[in-house]
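Each remark here refers to the structure printed beneath this line.
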Amino acid sequence: MSITTTAFDVTRAWQRRAMDVMPGGVNSPVRAFRSVGGDPVLVASGNGARLKTVEGDEPIDFIASWGAQILGHAHPEIIDAVRAALSRGTSFGISTTAEIELAELVCELVPSIDVVRMVNSGTEATASAVRLARAATGRQALVKFEGCYHGHSDPFLVRAGSGLATFGEPSSPGVPPGTVSDTLIARYNDLDSVSALLSADDVAAVIVEPVAGNMGCVLPAPGFLAGLRRLCDAHGALLIFDEVMTGFRVALGGAQERFDVMPDLTALGKVLAGGTAGAAYGGREDLMRMIAPDGPVYQAGTLAGNPITTAAGLATLHHLVSNPGLYDDFERAGETIEKRLGDAISATGSVGLVNHVGGMVGVFLGIEKVSCWDDLDSLDKDLFARFFHAAWDRGVLLPPSPFEAWFLMEAHLDETLDLAIDALAEAIVEVGT
């Protein structure tokens, strides 16, 4: 099972070419492996739970296209659906019946969504939801949580100060201060920090990842999401769930079904599009009818609801509907990972924590608890980098960052999972002792 390649000659040749024409040689920063060091992986193909690199290695994959692949790579039902769609054309800029079918299925499955609008990316979905919330409330301020990522739209590129909550400052050059002056930062799992920001009654919306997957799978504390709902209702703000990661992954109806808390608006992506480029936002009918052409809030997209995305999305969601036991299987797999890797960490005498929820997993080395971004200050980034490479040497590919969630696929749920867990436990023992 181990990776046998020692010289990445082919990868390095391609990497040199990439560096000439793309920033950092990549189209998304985490792909450059800067957090873990070493040569980035170049993928040639994928099948089931494994990828195949340009070097010919075939690691077990826990990136899963950052959660978009819930069934497995090159799943035959998705491939057949996309192939059939391709034979009819790739994009028309005019509506198709498949768009309607996918929208109907989303409204049926996601409890809080009455009406939905397809878009092309998670960033577009969250930005559109915030615009709608501001229009509906007549307010400008937005509350987000430190450590929660909602895409690279200007209002979201903000980091908090040292207090419980603070006014935002741009965290990326090129973001005008004015675009984030209305973005307020709260602490995840800290209702008091939210209450303080809502007290002025000038906040349009609170946006949250119901499970914080962009700081390594941090679960909401009991009562946290319900508390957000109560606070938003009390202060006239809308509640937006960013379910780009959790939608159709932690439950068929997403985190809102799992935790029984209904937001006003929801952003979806990843699983929704079956591993293709697509996303959506939706919610209460009175709000969504404000979107053009029904209302004055403008949003449009040439490729929104395109035939390839809708075909892949429909095939994925129909498979999930037909296999409801898959979510129980993910829970059992997550429990096994949590116990086995937790035992491995304990065996080394090191400190660490393993979380899971549905098909999401978080492994935190160097800390004993995590409920918000502040808890990650002591995360052992160097230890994680060594763990990453020790796992790779044993044939397992992890997200190349200590702050990212891992994702399970249906294709993991056979002897592949046992092989991977054995390798990961060995890797932890190697680097932790």
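The values are calculated or read from the model by the stated rules, or taken from the named source; none is laboratory data. Remember, it's a predicted structure, so these values are computed and weren't measured experimentally. FYI the Cβ positions are ideal-geometry reconstructions off the backbone, even for glycines, and counts take in every protein chain you see. These accessible areas exclude ligands, DNA and RNA; they are computed on the full protein's heavy atoms, side chains included. Shrake-Rupley method; radii C 1.70, N 1.55, O 1.52, S 1.80 Å.
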Item to check | Residues of the range 265-294 satisfying the condition of being touching a strand residue (DSSP E or B) at 6+ places or on another chain (Cβ under 9 Å), assigned to a loop (DSSP other than H, G, I, E, B) and buried (at least 24 other Cβ atoms within 10 Å of the Cβ) | outcome: 269, 275, 278
Next on the checklist: Looking at (1) closer than 18 Å to residue 333 by Cα; (2) in contact (Cβ under 8 Å) with a residue 24 or more places away in the chain, which one does residue 418 not meet, given that it meets all the others?
Outcome noted: (2)
Item to check | Members of the range 86-110 that are part of a helix (DSSP H, G or I) and open to solvent by 50 Å² or more (accessible area, probe 1.4 Å) | outcome: 86, 97, 100, 101, 104, 108
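Across the range 66-81, what is the number of residues that are of a type in the set (Val, Ile, Thr) and buried (at least 22 other Cβ atoms within 10 Å of the Cβ)?
The first filter runs over the range 66-81 and keeps only residues of a type in the set (Val, Ile, Thr), leaving 70, 78-79.
Next cut, buried (at least 22 other Cβ atoms within 10 Å of the Cβ) only: 70, 78.
Of the residues in that region, 2 qualify.
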Checklist outcome for this item: If we keep only residues of the range 123-156 that are under 20 Å from residue 292 (Cβ atoms) and in a loop (DSSP other than H, G, I, E, B), then the residue farthest from the chain's Cα centre (by Cα) is 138
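Working carefully through the options 307, 324, find the one that is over 21 Å from residue 249 (Cβ atoms) and either touching a residue at least 60 places away in the same chain (Cβ under 8 Å) or out of contact with any helix residue (DSSP H, G or I) (no Cβ under 6 Å at 6 or more places or on another chain) (or both).
Values: 324 fails: over 21 Å from residue 249 (Cβ atoms).
Result: 307 is the single residue among 307, 324 that is over 21 Å from residue 249 (Cβ atoms) and either touching a residue at least 60 places away in the same chain (Cβ under 8 Å) or out of contact with any helix residue (DSSP H, G or I) (no Cβ under 6 Å at 6 or more places or on another chain) (or both).
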Checklist outcome for this item: Across the range 218-251, the tally of residues that are assigned to a loop (DSSP other than H, G, I, E, B) and surrounded by fewer than 18 Cβ atoms within 10 Å (Cβ to Cβ) stands at 4
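Of all residues in the range 359-408, which are of a type in the set (Val, Ile, Thr) and either under 19 Å from residue 37 (Cα atoms) or more than 15 Å from the chain's Cα centre (by Cα) (or both)?
Residues of the range 359-408 of a type in the set (Val, Ile, Thr): 361, 363, 367, 370, 396.
Scanning the range 359-408 gives 363, 367, 370, 396.
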